[in-house]
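The values are calculated or read from the model by the stated rules, or taken from the named source; none is laboratory data. Note that the structure is a prediction, hence the values are computed from the model and not measured. Here the Cβ positions follow ideal geometry from the backbone for every residue, glycine too, while neighbour counts run over all protein chains shown. Ligands, DNA and RNA are stripped out before the accessible areas are found, and what is left, the full protein with its side chains, is counted by its heavy atoms. Shrake-Rupley method; radii C 1.70, N 1.55, O 1.52, S 1.80 Å.
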Amino acid sequence: MFENLQDRLGSILNGLTGRGALSEADVSAALREVRRALLEADVALDVVRSFTDRVREKAVGAEILKSIKPGQMVVKIVHDELIEMLGGEGVGIDLHAAAPVVVMMVGLQGSGKTTTTAKIAHRLSTRDKKKVLMASLDTRRPAAQEQLRQLGAQANIDTLPVISGQSPTDIATRAVQAAKLGGHDVVILDTAGRTHIDEPLMAEMADIKKRSNPHEILLVADSLTGQDAVNLARSFDERVGITGLVLTRMDGDGRGGAALSMRAVTGKPIKLIGVGEKMSELEEFHPRRIADRILGMGDIVSLVERAAENIDAEKAAAMAAKMAKGKFDLDDLADQLRQMQKMGGMGGIMGMMPGMSGMKDKMAAAGLDDKLFGRQIAIIQSMTKAERANPDLLKHSRKKRIAAGSGTDAAAINKLLKMHRQMADMMKMMGGKGKGGMMKQMMGGLAGKMGLGGGMGGFGGGMPDLSNIDPRQLEALQKQAEAAGLGKPGGGMPGLGGLPGGMPGLGGAKLPGLGGGFPGLPGLPKKK
């Protein structure tokens with residue numbers, strides 16, 4: 001979502017950090033570029049103006065211009081003001097009310113209300129262990145009520161039975177009564193939308209609000225619609241009174257202006273963001289983490305949380321035990337690739353690694369996209385059990401059969417086998433004796449500096465079981481990572497010999513995988 005803005009701001013601020021001293025003219029020139037970058041990203045003009053004025057006010061003080069690292073001080077000011085513009089602290093859905101808590105979903109047609117309703121219900125039932133009832137109040141759109149019923153069946157969430165001929169206000173009343181009788185903690189009302197704002201829509205929303213007395217009114221807005229989404233939020237807030245925003249399609253290639261403007265224009269917090277089509281692809285909106293991503297500082301905390309949600313602790317423990325013996329077969333490699341897919345693929349992981357966001361373009365140019373994972377998994381699945389356990393069996397005739405079965409060619413199979421050999425060799429080194437193995441040393445150094453205690457062993461075979469980490473510990477993790485040099489431009493990764501820019505393998509110690517990068521990532525082509 002923010003890639004263009006990230007590239008523009010990154011190049012502007014990198015120009016400042018490279019200088020020994022800054023003049024007011026330097027700061028003004030940089031802020032002119034920042035203003036242009038934000039306007040190009042479709043951020044509202046008044047928001048851009050107030051943002052640059054606040055940054056200028058803080059950045060032209062003598063204290064900054066004469067400080068030891070003035071460029072980095074300006075980056076910090078821009079970072080802090082971005083967080084302020086996005087809303088300071090993250091705000092989640094408020095469930096502190098008498099059960100059943102009524103959550104009303106509003107928005108235009110096509111913004112993703114029904115899907116988002118199901119995603120929120122799934123999140124509340126799986127993460128917060130709440131009993132949720134969903135009700136569709138959309139009597140106009142064909143099959144809208146059936147769509148919600150099917151989504152409820154998929155996610156194992158209760159939905160209100162449909163009675164034809166009822167008005168939206170009657171359905172709302174019946175939903176609240178059914179939730180009380182059924183002992184539900186939360187009832188989510190999925191209201192009707194229109195292609196544009198009109199008086200009948202607003203009157204209907206006001207009637208539903210009066211009848212159901214919702215504790216939360218969440219406006220669902222498509223983040224790809226730019227400034228229209230900001231005007232929409234203003235209109236709904238004036239007529240219905242919203243308590244928060246949910247932005248959908250944050251995984252798209254929009255410029256991100258709506259997300260940056262909405263909080264500043266409406267004063268309402270962005271509570272959740274949709275980052276994909278799956279039920280689980282809904283995240284809380286954390287202004288600090290979004291600001292970190294925009295400025296290329298990575299997002300360690302979200303990466304750890306995503307790992308904790310998606311990685312099977314038992315599989316990770318089994319992998320760690322195999323690694324300790326130096327064993328690593330093609331089934332293990334397939335598990336690695338699937339885990340990376342679950343965590344958002346190559347791009348998703350790289351975007352959250354400090355200093356690694358610039359690697360995405362290089363990897364895409366080298367043909368290393370997430371489709372590659374799918375092809376490699378297809379190759380492994382086309383092998384027999386014996387072949388996966390013992391790749392040495394793979395001679396020409398077998399490779400020919402596997403290529404036909406996976407829709408690839410012998411060259412792709414050879415690349416996969418070469419990558420597996422490199423990784424298997426690395427696993428032997430990591431599980432080797434002497435000072436507890438190389439992996440334990442590397443990850444122990446990283447874990448120690450990030451305050452995770454000893455041993456993040458088994459990182460190459462999947463992250464450790466992080467589900468037991470205290471949430472407050474997670475919130476402190478980003479600051480600890482920055483203090484350890486993980487979030488700073490040009491900072492190395494502790495435990496990896498302080499490699500430049502936080503990019504292991506680029507001019508540093510060679511690890512198989514990224515042509516000298518992380519183990520477990522398909523190899524980049526070598527320099528000729």
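Within the range 214-236, the set of residues being open to solvent by 10 Å² or more (accessible area, probe 1.4 Å) and in a loop (DSSP other than H, G, I, E, B) comprises PRO214, HIS215. Can you spot a residue in the range 177-196 that is free of Cβ contacts under 8 Å to residues at least 12 places away in the same chain, assigned by the TED database to the domain that holds ARG127 and open to solvent by 10 Å² or more (accessible area, probe 1.4 Å)? Checked against the condition, which is being free of Cβ contacts under 8 Å to residues at least 12 places away in the same chain, assigned by the TED database to the domain that holds ARG127 and open to solvent by 10 Å² or more (accessible area, probe 1.4 Å), the range 177-196 yields at least one hit.
When PRO161, PRO168 are screened for being open to solvent by less than 40 Å² (accessible area, probe 1.4 Å), farther than 30 Å from ALA41 by Cβ and modelled with pLDDT of 90 or more, only PRO168 passes. Among the residues in the range 90-99, are any surrounded by 16 or more Cβ atoms within 10 Å (Cβ to Cβ), modelled with pLDDT under 90 and in a loop (DSSP other than H, G, I, E, B)? Yes. Would you check if there is a residue in the range 246-267 being out of contact with any Gly (no Cβ under 6 Å at 6 or more places or on another chain), closer than 23 Å to ALA172 by Cα and of a type in the set (Gly, Ala, Ser)? Within the range 246-267 (the criterion being out of contact with any Gly (no Cβ under 6 Å at 6 or more places or on another chain), closer than 23 Å to ALA172 by Cα and of a type in the set (Gly, Ala, Ser)), the answer is no, since none of the residues qualifies. Among residues of the range 1-17 that are under 25 Å from LEU247 (Cα atoms) and assigned to a helix (DSSP H, G or I), those with a beta-carbon under 7 Å from a residue that is open to solvent by 70 Å² or more (accessible area, probe 1.4 Å) and at pLDDT below 75 at least six positions away or on a different chain give the pairs ASN4/ARG255; LEU5/ARG255.
Filtered by the rule that a residue be outside any helix (DSSP H, G or I) and surrounded by 15 or more Cβ atoms within 10 Å (Cβ to Cβ), the range 100-129 gives PRO100, VAL101, VAL102, VAL103, MET104, MET105, VAL106, GLY107, LEU108, GLN109, SER111, GLY112. Just one of the numbered conditions (1) over 34 Å from the mean Cα position of the chain (by Cα); (2) at pLDDT below 90 is not true of LYS400: (2). Among the residues of the range 192-246, those identified as among the basic types (Lys, Arg) and over 22 Å from ARG263 (Cβ atoms) are ARG194, LYS209, LYS210, ARG211.
Pairs linking a residue in the range 261-272 that is closer than 11 Å to LEU219 by Cα to a residue that is open to solvent by 50 Å² or more (accessible area, probe 1.4 Å) and assigned to a loop (DSSP other than H, G, I, E, B), with Cβ atoms under 6 Å and 6 or more positions apart or on different chains, are PRO269/VAL91; LYS271/VAL91.
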